[in-house]
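Q: To start, I am sharing the structure in question, which I have written as structure tokens.
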Amino acid sequence: MNLDLPIQIAYLVASVLFIIGIKMLGKTSTARNGNTLSAAAMLLAIVATLLHQDVLSYTEIFVTILLSSAVGWVVAQRVEMTSMPEMVALFNGFGGAASVLVAASEYWRMAHEASITMPMIVGITVVISIIIGAVTFTGSMVAFGKLKGLINGRAITFTGQHALNALLFLASLAFSVLVVIDPNTEVWMMAVMALALLLGVLTVIPIGGADMPVVISLLNSYSGIAACATGFVLNNQVLIITGALVGASGIILTQIMCKAMNRSLVNVLLGGFGQTAGTAGTSGGAEDMVVKEVGVEETAMLFDSASSVIIVPGYGMAVAQAQHVVRELTDLLEKRGTSVKFAIHPVAGRMPGHMNVLLAEANIPYDKLVEMDHINDEFASTDIALIIGANDVVNPAARSNPNSPIYGMPILNADKARTVIVCKRGMAAGYAGIENELFGYPNCLMLFGDAKASMTKVVSELKEMAMA
């Protein structure tokens, strides 16, 4: 029985579902259903692929699916919300590695079967898949190491770095031409792969920790482009479409994040994103800053008299797992008639959407999560801006200090609120490695301590006030 037509129809249906799923991911209210729809589309595509007549053995395939599914299930159960960026980096890396392995095996098959001559267009797509896949793999591994703290999270640079990267890229292109011209000489292909793997490392190590969310998004785009190229190698339409969707959506997201951080997409593509011209020291260090500390009881009293509160969540809230007690604080304030909203910066946390997922986990309604452009004007008329674990995204130096590495980055205008309460463990710098001048502002109060413990005490104080 010829199954080509049913398979192509299944691929078409899956592709349409992928597009609808991605569209639904654009809004927090429909994101969960979009994710479910996309997962169903992937299942349909996998089943259709397994029906293909060129499948040689189902045993190895099903054993691999069972083992990898078991590993994925265990990891998904154990991974903490704060480790999701590292998880995404690994996903990107594995996607790139898969593209390299598939393209390399197809090259090996064609190069060693006397009856097969590799067409030029196939040779071109093979080297494209291997170069982009290899860069994605090693780049993602470096990103994972930086996020996990296994290697230095700061930008690692050296003299002539860009020239070396350009030389390696040109050399990989030269060897790629040789692969297409003489596909039976494996050494050309091995050289292409080795140079691409090295290029992935060298283009990510200059990226500083604060810029890592953008790099993760870019590597996600690379993994999609590599998959798309692999689809051309295998002549698999659904792989071409899904790879193109991932690649395009990833590059669009990267561009959005670049705008949110006032960065250049070209610099990101060239691997020089982490190198910034300014220094933070010109705005004064922590030792020159006079801060005002506030206690739990005083904080509760401020909340008791407030009519409007905007909460700015950051990575520190995720680390402390304070989202649930923050939701309890929100419920308590709203029962007292206080307006409560959450201000979400596009790069809050360590990856796009990190805060949205974290707050959704605590059942905080989506309509309370307001994007930066829509809430910034409200800070000036707000009684309290509560900053929990956020730092760089509320640093006024981004507006006022041309010498700051983050100068020009759009920020949340939390400093314009009547009172600003910052909940953090100490005066340590943020992920960008610079001091936050907001902490020394006259309207800023520092509530030092673990976010979860501090908010729990504030909630208890508010409950006691209500009972008094």
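Q: Can you tell me which residues in region 389-412 are polar (S, T, N, Q) and modelled with pLDDT of 90 or more?
A: 395
Q: Could you check region 101-116 and list, in sequence order, the residues that are open to solvent by less than 20 Å² (accessible area, probe 1.4 Å) and more than 14 Å from residue 179 (Cα to Cα)?
A: Within region 101-116, no residue meets the criteria.
Q: Oh, and also: Return only the number of the condition from (1) free of Cβ contacts under 8 Å to residues at least 24 places away in the same chain; (2) open to solvent by less than 20 Å² (accessible area, probe 1.4 Å); (3) not small (Gly, Ala, Ser) that residue 142 does not satisfy.
A: For residue 142, the failing item is (1).
Q: Still on this structure, I have one more. Please specify each residue of region 9-52 satisfying the condition of being at pLDDT below 90 and closer than 12 Å to residue 241 by Cβ.
A: Within region 9-52, just 22 meets the criteria.
Q: For residue 129, are the conditions met, namely being in a helix (DSSP H, G or I), over 14 Å from the mean Cα position of the chain (by Cα) and under 20 Å from residue 186 (Cβ atoms)?
A: Details: in a helix (DSSP H, G or I): yes; over 14 Å from the mean Cα position of the chain (by Cα): yes; under 20 Å from residue 186 (Cβ atoms): yes.
The answer is yes for residue 129.
Q: Applying the selection to region 26-73, what residues are open to solvent by 70 Å² or more (accessible area, probe 1.4 Å), more than 22 Å from residue 250 (Cα to Cα) and not in a helix (DSSP H, G or I)?
A: 51, 53, 54, 56
Q: Sticking with this structure for a sec: Cβ-Cβ under 6 Å, sequence separation 6+ or interchain: first residue in region 308-328 and in the same structural domain as residue 391 (by the TED database) and within 20 Å of residue 346 (Cβ to Cβ), partner assigned to a helix (DSSP H, G or I) and open to solvent by 30 Å² or more (accessible area, probe 1.4 Å). Which pairs?
A: Once the first residue is in the same structural domain as residue 391 (by the TED database) and within 20 Å of residue 346 (Cβ to Cβ) and sits in region 308-328, its partners that are assigned to a helix (DSSP H, G or I) and open to solvent by 30 Å² or more (accessible area, probe 1.4 Å) give 318/81.
Q: Next up: Output the number of the condition that residue 386 fails; it satisfies all remaining conditions of (1) over 18 Å from the mean Cα position of the chain (by Cα); (2) not in a strand (DSSP E or B).
A: Residue 386 satisfies all of (1) over 18 Å from the mean Cα position of the chain (by Cα); (2) not in a strand (DSSP E or B) except (2).
Q: Across region 106-127, what is the total count of residues that are closer than 11 Å to residue 230 by Cα and either in contact with a His (Cβ under 7 Å, 6 or more places away or on another chain) or without any contact (Cβ under 8 Å) to a residue 40 or more places away in the chain (or both)?
A: 0
Q: Of all residues in region 226-260, which are among the hydrophobic types (A, V, I, L, M, F, W, C) and buried (at least 24 other Cβ atoms within 10 Å of the Cβ)?
A: 226, 227, 228, 229, 233, 238
Q: Inspect all residues belonging to region 413-421 and state whether any of them is of a type outside the set (Gly, Ala, Ser), at pLDDT below 90 and open to solvent by 10 Å² or more (accessible area, probe 1.4 Å). Even if it seems obvious, please write down each step before you answer.
A: Of all residues in region 413-421, those of a type outside the set (Gly, Ala, Ser) come to 413, 415-416, 418-421.
Okay, now just the ones that are also at pLDDT below 90, so none.
For region 413-421, residues of a type outside the set (Gly, Ala, Ser), at pLDDT below 90 and open to solvent by 10 Å² or more (accessible area, probe 1.4 Å): absent.
Q: Okay, next question. Any chance region 348-369 includes a residue that's of a type in the set (D, E, K, R), at pLDDT 90 or above and under 27 Å from residue 466 (Cα atoms)?
A: No.
Q: Okay, moving on. How many of the residues in region 152-167 are open to solvent by 20 Å² or more (accessible area, probe 1.4 Å) and either in contact (Cβ under 8 Å) with a residue 12 or more places away in the chain or of a type in the set (Gly, Ala, Ser) (or both)?
A: Within region 152-167, residues that are open to solvent by 20 Å² or more (accessible area, probe 1.4 Å) and either in contact (Cβ under 8 Å) with a residue 12 or more places away in the chain or of a type in the set (Gly, Ala, Ser) (or both) number 10.
Q: Next up: Testing residue 324 on (1) under 30 Å from residue 215 (Cα atoms); (2) open to solvent by 10 Å² or more (accessible area, probe 1.4 Å); (3) in a loop (DSSP other than H, G, I, E, B), one condition comes back false. Which one is that?
A: Of everything listed in (1) under 30 Å from residue 215 (Cα atoms); (2) open to solvent by 10 Å² or more (accessible area, probe 1.4 Å); (3) in a loop (DSSP other than H, G, I, E, B), residue 324 misses just condition (3).
The values are calculated or read from the model by the stated rules, or taken from the named source; none is laboratory data. Since we're looking at a predicted model, the values are computed, not measured. Reconstructed Cβ throughout: ideal geometry from the backbone, glycine too, with neighbour counts over all protein chains shown. All accessible areas refer to the heavy atoms of the entire protein, side chains included, with ligands and DNA or RNA removed. Shrake-Rupley method; radii C 1.70, N 1.55, O 1.52, S 1.80 Å.
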